[in-house]
1. For the structure I just gave you, tell me whether Arg51 is within 26 Å of Ser329 (Cβ to Cβ) and of a type in the set (Lys, Arg).
2. Return yes when Thr11 is under 19 Å from the mean Cα position of the chain (by Cα) and surrounded by fewer than 16 Cβ atoms within 10 Å (Cβ to Cβ) and no when it is not.
3. When you look at Asn324, is it at pLDDT 90 or above, under 19 Å from Lys195 (Cα atoms) and not hydrophobic (A, V, I, L, M, F, W, C), yes or no?
4. Whether any residue in the range 170-183 is buried (at least 18 other Cβ atoms within 10 Å of the Cβ), hydrophobic (A, V, I, L, M, F, W, C) and within 18 Å of Cys352 (Cα to Cα) is what I want to check.
5. Which residues, taken from the range 11-47, are in contact (Cβ under 8 Å) with a residue 12 or more places away in the chain and assigned to a loop (DSSP other than H, G, I, E, B)?
6. Which residue is farthest from Leu300 (Cα to Cα), if the candidates are limited to the range 33-58 and must be within 16 Å of the ligand (Cβ to nearest atom) and in contact with a Cys (Cβ under 9 Å, 6 or more places away or on another chain)?
7. Among the helices (runs of 4 or more DSSP H) contained in the range 70-161, which hold 2 or more residues that are surrounded by 19 or more Cβ atoms within 10 Å (Cβ to Cβ), modelled with pLDDT of 95 or more and within 16 Å of the ligand (Cβ to nearest atom)?
8. Restricting attention to the range 306-320, report how many residues are part of a loop (DSSP other than H, G, I, E, B) and touching a residue at least 24 places away in the same chain (Cβ under 8 Å).
Amino acid sequence: MRHLLDIFDLTTDEIYELIKKTEDIMNHPNYYLDACHGKILGKLFFEPSTRTCNSFESAIQSLGGGVVGFSDPNNSSVVKGECLIDTVRTVSSYSDVIVIRHPQEGAPKVASQVSVCPVINAGDGGHHHPSQTLTDLFTIYKEKGGFDGLTIGLCGDLKYGRTVHSLISGLSRYKNIKLVLISPNELKVPEYEKKEVMDKSWMKYVETTSLEEAIPELDVLYMTRIQRERFSDEKIYERLKDSYILNKEKLNSAKNDMIVMHPLPRVNEISLDVDDDRRAKYFDQVRNGRYVRMALIMKLLSDMDVPDKKQDESSFRHDLKCNNPRCISYTEKDIKSAFRITDNGRCRCIYCDKEVAV
Ligand code: ASP
């Protein structure tokens, strides 16, 4: 049984197969009407969602299956104090695949340890969001015909934006990509992503605070929202919230075939006058998300006999405690902490990937 906790759970070939399958579903949706007849998707949304939750529901229903679970934890036994592990055990017992979104980083990993069916991470804190990445990769592939040689600007909250972290990991697979990381100094891409993903795969990247300077060289501009819910100090959010606003005027200096993407929701970072520009692709992205998730659900259900990618647990250290308050092992008392040793001898929490000093 396979899970999708981060985008590295899929090989490059598998991502390509999913892209091709998505194209086929979009071209022949009727062919797939009964592909998951009788199958149940369990949704466990501990955080609000519009696109991810509805696209998964739409996906399973478009395949002939049904849905159980909750999109608001207040409508579940979570309010009675039920722990994450028991909730996952319960909903997975009624399901063939479960989709979980949670504010704590690593919660889907915990879910995968106790679930009786495949687990899809639909966003864990500021950590990962791999099904969004599949949607983003599909959209880039569809609009640009591939990935090699693209200059891709990621703009906004690169620190807390989980879609950014997963997308960087996804893009690290492809050759010759240049990333232009556009953010305020306070919201740069975390060290983990730089050291363990970008540097390891020799990705070319530059960091800048100026969208105006970066825009003329981009093939793709991926805008993101400043993630208000992840700030511990509201004053810092207020200061940074309008750091970047893409409008028609700024688009004038972009290439004619640059595409503008955004995982949505937008708050203020793309003005409405951009929506009519033919380069605006964020609502195409929304639409693509349903078909990508149809392909993903089918894949996980057909891979039930394929063993999950195993980490070598024998070298894990259990004598340390994660000090990241946003990590699931920090807040859920029954989770045994575990740290993997990196190539350069550092210890990283297996749930949230944060490093601890030893
Ligand atoms: N919808 C995306 C997410 O869940 C992006 C965002 O919320 O800004 O991460």
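The values are calculated or read from the model by the stated rules, or taken from the named source; none is laboratory data. Owing to the predicted nature of the structure, the values given are computational and were not obtained by experimental measurement. Here the Cβ is made from the backbone with ideal geometry for all residues, glycine too, and neighbour counts use every protein chain on show.
1. On the way: within 26 Å of Ser329 (Cβ to Cβ): no; of a type in the set (Lys, Arg): yes.
When the stated conditions are applied, Arg51 does not pass them.
2. When the stated conditions are applied, Thr11 passes them.
3. yes
4. no
5. If the condition is that a residue be in contact (Cβ under 8 Å) with a residue 12 or more places away in the chain and assigned to a loop (DSSP other than H, G, I, E, B), then Leu33, Asp34, Ala35, Cys36, His37, Gly38, Lys39, Phe46, Glu47 are the ones that fit.
6. Phe45
7. Here the list reads 107-114, 130-144.
8. Selection size over the range 306-320: 7.
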